[in-house]
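The values are calculated or read from the model by the stated rules, or taken from the named source; none is laboratory data. Model, not experiment: these values are computed from the prediction. Glycine gets a Cβ as well: all are built from the backbone with ideal geometry, and neighbour counts include every protein chain shown.
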Amino acid sequence: MFERSDETLVKQALKGKKSAWVTLVKRYEKNLYNYTLRMVSNPDDAMDLMQDVFVAVFRNLPSFRGDSPFKGWMFKIAHYRCIEFYRRKKPTQSLDDIPEQEEQADDICPEANMYNGQQANMLHGAMQLLPVNQKLVVELKFFQHCTFDDIAEQLGISVNTAKSRLYSALDKLKGHLEIEYVK
């Protein structure tokens, strides 16, 4: 079946077509939820933040000019909402309180699944120790598959700053993970 572009759906949503807005939400809700979950590490906070982002996107839909892709514009709003979240609520969660991520059923043996889950939890915990500006760059680069140009535009920084933050974050992650591995 033919899939409508984001820009077409935005135009239709602006004209009051509810099904167009619902299609946009369904298209991006999983990506947006996963993004907010990785940023705030709490499923309830992530769900609230995702809903807040969709409300903000809906309210600001008339201001979407189409200069950049809708997805990038939406994630820029999500970025600002995450910053607001961190300003309101400093992370106080210990690494022991981080919920284990749900594992997907694979054809891999149970031991490999357990090992992969432990690695994912270690990475998730290490990411929570990063400063928010570095965590955002890691999220955009590796989980949202953005280019450095996209990251720079989305965060309002230079490409070199985006690269610097990523490499600094990777060094910190490496250090945190090496310490965890030794334990």
Looking at the stretch 136-157, can you tell me whether even one residue there is modelled with pLDDT under 85 and either on the phi > 0 side of the Ramachandran plot or in the same structural domain as ASN34 (by TED's automatic domain parsing) (or both)?
yes
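Per-residue answers, yes or no, for (1) surrounded by 12 or more Cβ atoms within 10 Å (Cβ to Cβ); (2) touching a Phe, Trp or Tyr at 6+ places or on another chain (Cβ under 7 Å); (3) assigned to a helix (DSSP H, G or I):
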position: GLU3; (1), (2), (3): no, no, no
position: GLU7; (1), (2), (3): yes, yes, yes
position: ALA13; (1), (2), (3): yes, yes, yes
position: THR23; (1), (2), (3): yes, no, yes
position: LYS26; (1), (2), (3): no, no, yes
position: LYS30; (1), (2), (3): no, no, yes
position: TYR33; (1), (2), (3): yes, no, yes
position: THR36; (1), (2), (3): yes, no, yes
position: ASP48; (1), (2), (3): yes, no, yes
Would you be able to tell me the number of residues in the stretch 46-72 that are under 16 Å from TYR28 (Cα atoms), touching a residue at least 12 places away in the same chain (Cβ under 8 Å) and either outside the structural domain of SER5 (by TED's automatic domain parsing) or hydrophobic (A, V, I, L, M, F, W, C) (or both)?
11
Looking at the stretch 133-149, which of its residues are without any contact (Cβ under 8 Å) to a residue 24 or more places away in the chain and either hydroxyl-bearing (Ser, Thr, Tyr) or under 13 Å from TYR86 (Cβ atoms) (or both)?
THR147
